[in-house]
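The values are calculated or read from the model by the stated rules, or taken from the named source; none is laboratory data. Note that the structure is a prediction, hence the values are computed from the model and not measured. Every residue, glycine among them, receives a Cβ derived from its backbone with ideal geometry; neighbour counts consider all protein chains shown.
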Amino acid sequence: MRWTQKSKPKKDKVQALKNELQVDEIVATLLVQRGIETYDQAKQFFRPTLNDLHDPFLMKDMDKAVARIELAIERQENILVFGDYDVDGTTAVSLVSSYLRSYYSNVATYIPDRYVEGYGVSYQGIDFADDNNFSLIIALDCGIKSIEHVVYAKEKGIDFIICDHHRPGDVIPNAVAVLDPKQKDCFYPFDELCGCGVGFKLIQALSYKRNITIFDLIPYLDLVATAIAADIVPIIGENRVLAKFGLQVINSNPRPGIKALVQNVKKKELTISDVVFLIAPRINAAGRIKHGNEAVALLTEYELAQAEVFASEIEQHNSDRKELDQQITKEALAQILENNEENRFSTVVFQEHWHKGVIGIVASRLVENYYRPTIVFTRSGDKLAASARSIKDFDVYNALEVCAEHLEQFGGHMYAAGMTLKEENYDAFKRAFEKVVQETITPDLLIPEIEIDAEINLTDITPKLLRILKQFEPFGPGNMTPVFYTSNLRDTGYAKTIGANDEHIRAYIKQDRGESFGAVGFKLGNKIEIMKNQQNFEAVYSIEENEWNGKVSVQLQLRDLR
């Protein structure tokens, strides 16, 4: 691990904020690092409100999208809400369809089959719309590159409204309205919304003329918070507001589908991290193993008993997904060793029988092992399909653009992407991708980085500090959990490895003669010797609340030791 200290903010700014807020220097430092330098900015950070959300009509084409939907309702047209099969897509479809159905009945949903149709807007989906007399398709979390599909639909008398958040190409589809804050000529104040977030802005705009306030839309925010967590978008600006209020809905009064997924989780309050690891994989499992329609059925179900039936089926899909992902990861690691590719700058692997639904997860597992940009291919019909995952600060989408001549299609963003190519182009693509990564990546990027927010002593850790840190939540990109550095640490003699393969550490550590703190280090079991015999060591860690048998205590979550 590469330990790096974040740039220390200017002392005068820290001191001014410390005095204005009456907080200690550690808290003031963390705030200034996050760009918060005034009382008003701090108030907005600690006390976000729904009034902080932007006017949806600031988004390019929003007026056109609303006008077309209102016209469809006036004419009694059939509306098809179309979305991708991942968490962002299925939550977005559930959000927009359930909102429209609350006052208009001619609404249906469509999720493409991952294996038959692939990612994004499909010709099969448009044919389905044509066969069933749909004259308007609202595409969510996809469509920004569906130029030919929109033309094909128009020939059949079907209009498109596109709600996407992915990076556009040079040409924008000729749809009735294209809502994507990443368009160059869209001046919406916040361009980091997820697909479900763009869908929420659409229903917010639709609600204006119906005299429905933003507060009436709160029940939909459990879906938006789930998508924000799953899609790993920055939790700043509007995303922070939507995530914070969405988490409150998840923890107090979630829709039956989400309640059915989490009712067996023995935690008082779920965090964004819990949504990432507990809710999102289960919603994703439907589209990975069976069909994304199952996720939409779960998330739009109003009866808890039926939602529980759907949730148990999805739980089985998730178990199947875990088995597949373990097996394929094992095979992919063996392939890397067999081909002597351990020392490359990138990982590109292919096996035609690998399950298309889990190759994205396998790519993430391989990044954990070798820490380099990774692409996992499998067969999909007469082509090869792949999922890409990147490492911190390396833009895999830009790398794919350089290799575009070998690809049939691709899309995504900086850290994750999908693509298809002809099998005969696989070797040439693999060479081209390795070449562009080798030429553009810097050696330090290939070593995982831990960014340290501040150096502190254990005596600085108080219940008051923990209470304030909890108010920094929800954590995520752009507002990560603060990481601290402390030296001259010693174990009190109780350090031990835990877990099935002794892969984790549990210890009680102290500094000088101060009080000891419980500490846990996941996947640090191989570093237990650093702690042994009460020798001095240094650590990077975050501070968290540990709840055990009804008792709450401060615990250090160790990130690394040396």
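Determine, yes or no, whether THR462 is modelled with pLDDT under 95 and either farther than 13 Å from SER390 by Cβ or surrounded by fewer than 17 Cβ atoms within 10 Å (Cβ to Cβ) (or both). So THR462 fits the description; yes. ILE228 falls short on exactly one of the conditions (1) under 25 Å from LYS470 (Cβ atoms); (2) out of contact with any Cys (no Cβ under 8 Å at 6 or more places or on another chain); (3) not aromatic (Phe, Trp, Tyr), and that condition is (2).
Listed by position, the helices (runs of 4 or more DSSP H) contained in segment 1-87 that have at least 1 residues being exposed (fewer than 15 other Cβ atoms within 10 Å of the Cβ) are 11-21, 39-46, 62-74. In the condition set (1) farther than 30 Å from ARG101 by Cβ; (2) under 20 Å from the mean Cα position of the chain (by Cα), LYS268 is compliant with all but (2). Quickly run through segment 245-280 and pick out the residues that are crowded, with 20+ Cβ neighbours inside 10 Å, part of a helix (DSSP H, G or I) and not aliphatic (A, V, I, L, M). Correct list: PHE245, GLY246, PRO256, GLY257. Entry remark, segment 303-334: residues being surrounded by 15 or more Cβ atoms within 10 Å (Cβ to Cβ), under 24 Å from VAL348 (Cβ atoms) and either among the polar types (S, T, N, Q) or in the same structural domain as GLY360 (by TED's automatic domain parsing) (or both) number 1 in total. Restricting to segment 47-61, give me the number of residues that are touching a residue at least 40 places away in the same chain (Cβ under 8 Å) and within 17 Å of LEU206 (Cβ to Cβ). Counting residues in segment 47-61 that are touching a residue at least 40 places away in the same chain (Cβ under 8 Å) and within 17 Å of LEU206 (Cβ to Cβ) gives 9. If you go through segment 100-156 and keep only what is over 31 Å from the mean Cα position of the chain (by Cα) and on the phi > 0 side of the Ramachandran plot, you end up with just ASN133. Here's a check for you: in segment 425-441, which residue that is surrounded by 15 or more Cβ atoms within 10 Å (Cβ to Cβ) and aliphatic (A, V, I, L, M) is farthest from PHE350 (Cα to Cα)? The qualifying residue farthest from PHE350 (Cα to Cα) is ILE441.
Of all the criteria given as (1) closer than 20 Å to TYR99 by Cβ; (2) touching a His at 6+ places or on another chain (Cβ under 7 Å); (3) in a loop (DSSP other than H, G, I, E, B), the one not satisfied by GLU238 is (3). With respect to (1) modelled with pLDDT of 95 or more; (2) surrounded by fewer than 24 Cβ atoms within 10 Å (Cβ to Cβ), the lone exception for VAL178 is condition (2).
If we keep just the residues of segment 444-459 that are assigned to a loop (DSSP other than H, G, I, E, B) and crowded, with 16+ Cβ neighbours inside 10 Å, which is nearest to the chain's Cα centre (by Cα)? Even if it seems obvious, please write down each step before you answer.
Of all residues in segment 444-459, those assigned to a loop (DSSP other than H, G, I, E, B) come to 447-448, 453, 456-457.
Those left that are additionally crowded, with 16+ Cβ neighbours inside 10 Å: 453, 456.
Numbers: ASP453: 23, ILE456: 30 Å.
Only one residue tops the list, namely ASP453.
Whether any residue in segment 287-303 is aromatic (Phe, Trp, Tyr), in contact (Cβ under 8 Å) with a residue 24 or more places away in the chain and part of a loop (DSSP other than H, G, I, E, B) is what I want to check. Within segment 287-303 (the criterion being aromatic (Phe, Trp, Tyr), in contact (Cβ under 8 Å) with a residue 24 or more places away in the chain and part of a loop (DSSP other than H, G, I, E, B)), the answer is yes, since at least one residue qualifies.
Just wondering, is there one or more residues in segment 525-545 that are outside the structural domain of ARG240 (by TED's automatic domain parsing), exposed (fewer than 12 other Cβ atoms within 10 Å of the Cβ) and acidic (Asp, Glu)? Yes: segment 525-545 contains one or more residues that are outside the structural domain of ARG240 (by TED's automatic domain parsing), exposed (fewer than 12 other Cβ atoms within 10 Å of the Cβ) and acidic (Asp, Glu).
Just one of (1) crowded, with 22+ Cβ neighbours inside 10 Å; (2) of a type in the set (Val, Ile, Thr); (3) part of a loop (DSSP other than H, G, I, E, B) fails for VAL116. It is (1). Just one of (1) of a type in the set (A, V, I, L, M); (2) over 24 Å from GLY125 (Cβ atoms); (3) not assigned by TED's automatic domain parsing to the domain that holds ILE441 fails for ALA297. It is (2).
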